[in-house]
Amino acid sequence: MKRFLFLTACALLSFAGSANSAESIYPTIRLSEVPNAVLLMYKREEPNFTDLSHCATAWDSATDGDKIAFKCSVFIKMSAEGERRAMRYCEEIRERKKIAARCRLIVAP
């Protein structure tokens, strides 16, 4: 019985660890790969970030602000909800600005 409980506990801990480190279901882009205009917007928002905050972006032009969609979800209680909100906000901006590129979550190094 003790061995069963031990194995069950190990399995649960293993599952919990993998759930925390699971990759996003959304497309991502590294912060080092975004254009300077997006990087500047990101750096402006960064002081407000928590470990649950997420940002998403899309652009057709690296310099024309009318062709860049960028939005962060900062004050949230769950990381997955932050991802969903950032992507939803980005998609709304992308549609409004008629940006062809898809939205992607920004992944900091």
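Throughout, read-outs are computed from the coordinates displayed, never taken from laboratory work. Remember, it's a predicted structure, so these values are computed and weren't measured experimentally. FYI the Cβ positions are ideal-geometry reconstructions off the backbone, even for glycines, and counts take in every protein chain you see.
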If we sort 91-102, 76-87 on the protection proxy, mean other Cβ atoms within 10 Å, highest first, what's the order?
76-87, 91-102
Its Cα gyration tensor gives segment 25-107 an equivalent ellipsoid whose semi-axes in whole Å, largest first, are 19, 14, 11
FRET efficiency estimate (nearest 0.05) - Cβ-Cβ, GLU23 to ARG96, R0 30 angstrom:
0.55
List the chymotrypsin sites (Phe, Trp or Tyr not before Pro) within segment 26-109 that DSSP assigns to loop and that have no more than 11 neighbouring Cβ atoms inside 10 Å.
PHE75
